[in-house]
Amino acid sequence: MSPQARTYLGIPREQIPWAPRVDLEACIGCGECVSFCPNGVYALDEAEQKVAVANPMNCVVLCNRCAASCPNDAITFPDREETKRFLKELGAKLRAQ
Ligand code: SF4
Ligand code: SF4
């Protein structure tokens, strides 16, 4: 799969700490999140029956839709409002350069 655009509002994607986190204690390896996300963010480790966040930078900035697909509430995201503030500040800083 080709990676999504590598900037968001002019900010290099790599500088934006937005991606899902999986609580591996809670993950039962059902694969719902893998099927749900169209961007190949997750990969299932079938031997371990756990999911890995294999391509975190493919996660769409501020998307958190797959959290609801998890039957065990194992998926969390950074705080959206905090992230929006971060993006605003970093964007302004980059534009001033
Ligand atoms: S939040 Fe959206 S883009 Fe990110 S992993 Fe979940 S479904 Fe995929
Ligand atoms: S949906 Fe939840 S339990 Fe299922 S593989 Fe993904 S993180 Fe694990």
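Laboratory data are not the source of any read-out in this text; all were calculated from the coordinates shown. No experiment lies behind these values; they were computed from the predicted model shown. Virtual Cβ from ideal backbone geometry, glycine too; neighbours counted across all protein chains shown.
A compact table of results
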quantity	calculated
Gain upon complete extension [K88, N39; 0.36 nm per residue less C-alpha separation]	15.2 nm
Mean Cβ neighbour count within 10 Å, used as a protection proxy, ranking 71-79, 84-92 highest first	71-79, 84-92
Binned Cα-Cα distances of the chain, short to long, each 5 Å bin given as a whole percent	2, 13, 23, 21, 16, 12, 7, 4, 2, 0
Alpha-carbon radius of gyration plus Dmax, which is the widest Cα pair, for the range 47-87 in Å	12.2, 40
Proximal charge balance of P17 [Cβ under 12 Å; K/R count +1, D/E count -1]	-1
